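Just so you know, all these numbers are worked out from the coordinates, no wet-lab data involved. Every value quoted in this text rests on a predicted model; they were computed, and no experiment measured them. Because the Cβ atoms are built from the backbone with ideal geometry, glycine has one as well, and the counts that use them run over all protein chains shown.
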Amino acid sequence: RITELEMQALKAQINPHFIFNCLNSIKGFIYDRDYKQADKYLDKFAELMRSTIDNSDAALISLKDEINYLDNYLQLEKLRFDEKFDYSITASPDIDKENVFLPAMLLQPFVENAIRHGIRFLEDKKGSITISTTIKNDLLVCEIDDNGIGRKRAAALKSSQHIEYQSRGMSISKRRADLYLIKQEIVDKNDANGNGCGTKIIIKIPITLKP
């Protein structure tokens, strides 16, 4: 059952719509004769595809590999959304990133959600996504923090606007989390006026996981 879920999850991460958008962006750079950006985008796209293939044989991967994957994914999305957001990925210095493991590409759907439902609708400020990892009480604690429009407003937009596609990544991530005893917490951030100003996802993974 775990193997089946792993394969479903990996297929859900890089969906046809995302690939179509990437190729469309490359086409746009070429059309505008921005060959330098086209070359950069194509290199990152190839790296992401290669990582997906490499990870498809592994149920668990190192934190180092997960961070590299997220970095490539975010660089692509940042280019695609015309520098609409900045991001940072940090790991506590006491973490041995090569020997701490988590389910392959577990975090990507949460990052995708932060961009798709929060960041891309910002109008009066630049988006920001902060991904951090620490170890507390024998748990790898991963936090994905964004300054998007918040879940309440995103839900309203989702019901009133055309949805590009319905990703299965989140539902599969939840099933995988249950199998690996991973805990998830969602914190809705609000400003002084009570308006949504982002979302923080906290994911707690047992450090006992080994491939």
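Under 5 Å from the amide H of Ala91 lie the amide H atoms of Thr133, each residue being 5 or more positions distant or on a separate chain, with H modelled from the backbone and absent for Pro and chain starts.
Dipole size of region 66-211 about its Cα centre, with +1 on Lys/Arg Cβ and -1 on Asp/Glu Cβ: approximately 560 debye, rounded to the nearest 20. Over all other residues within a Cβ to Cβ distance under 12 Å of Val187, the charged ones net out to -2, with Lys and Arg as +1 and Asp and Glu as -1.
Among the listed pairs Lys84/Lys183; Lys78/Lys152; Lys27/Lys78, which are separated by more than 22 Å between their Cα atoms? In this structure, Lys84/Lys183; Lys78/Lys152 exceed 22 Å between Cα atoms. Summing charges over neighbours of Ser92, with a neighbour being any other residue whose Cβ is under 13 Å away from its Cβ, gives -1 when K and R count +1 and D and E count -1.
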